[in-house]
Amino acid sequence: MKRIVYALMATVTGLMLLFSYRTSVPPEPASALADAPASGVAAAPKAAVASPSPTGADGSSNSNSSSTQTSSSGLRDGTFTGQAANTRYGAVQVQITVSGGVITDVQVPRYPSEGGRDQQINARALPVLVKETVNAQSAQVDMVSGATYTSTGYLTSLQSALDQARA
């Protein structure tokens, strides 16, 4: 009789633990979602190291262009936008700013941000990828755990932007 009582108690305890386990993340507060763009495309936070974008003689930005100055790193000064890399959850596109042959700023104008989970993953992953890019000064950065698709797209687009800076 005791075995039956213990078995029932263990079963009930197991079921309670199973049903109380949270499999999803609670939604973000409305105030945090109000800051998110409606288009699903937004810029990532700027890197810790930033400088103004180079401008031409007419004051316009040198987007996707560069001056003829090439440094010992092989990167020309200017702003270079990599090709958008399609991932399972959406496109990722990286834009780098090179000054003095050094990557001074990294922006991510396109990344998956349609769903709450996308926003949560990328809010954590993109600043890490941006920081690592500025520190490494190359596309040789580690992927972010839990953001494999974003990391892969980021690295592909980053390499495209670096190739443009070296061309």
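The values are calculated or read from the model by the stated rules, or taken from the named source; none is laboratory data. Nothing here was measured: the structure is a model prediction, and the numbers come from that model. Because the Cβ atoms are built from the backbone with ideal geometry, glycine has one as well, and the counts that use them run over all protein chains shown.
Conditions (1) aromatic (Phe, Trp, Tyr); (2) at positive phi; (3) modelled with pLDDT of 90 or more, marked per residue:
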{"site": "MET9", "(1), (2), (3)": "no, no, yes"}
{"site": "LEU18", "(1), (2), (3)": "no, no, no"}
{"site": "GLY40", "(1), (2), (3)": "no, yes, no"}
{"site": "GLY59", "(1), (2), (3)": "no, yes, no"}
{"site": "SER67", "(1), (2), (3)": "no, no, no"}
{"site": "THR79", "(1), (2), (3)": "no, no, yes"}
{"site": "GLN83", "(1), (2), (3)": "no, no, yes"}
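Scan segment 126-143 for residues that are touching a residue at least 40 places away in the same chain (Cβ under 8 Å) and assigned to a helix (DSSP H, G or I) and report the count. First the steps, then the outcome.
Within segment 126-143, the subset touching a residue at least 40 places away in the same chain (Cβ under 8 Å) is 126-127, 130-131, 133-134, 137.
Now drop any that are not assigned to a helix (DSSP H, G or I), which leaves 126-127, 130-131, 133-134.
Going through segment 126-143 one residue at a time, the tally reaches 6.
So that you can scan it fast, the table gives a plain yes or no per residue for (1) among the hydroxyl-bearing types (Ser, Thr, Tyr); (2) under 16 Å from ARG88 (Cβ atoms); (3) crowded, with 21+ Cβ neighbours inside 10 Å:
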position	(1), (2), (3)
ALA123	no, no, no
LEU126	no, no, yes
THR133	yes, no, yes
VAL144	no, yes, no
THR150	yes, yes, yes
GLY153	no, yes, yes
LEU158	no, no, yes
ASP163	no, no, no
ARG166	no, no, no
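What about GLY116, is it closer than 16 Å to ALA167 by Cβ and in contact with an Asp or Glu (Cβ under 9 Å, 6 or more places away or on another chain)?
Numbers: closer than 16 Å to ALA167 by Cβ: no; in contact with an Asp or Glu (Cβ under 9 Å, 6 or more places away or on another chain): yes.
Criteria not met by GLY116.
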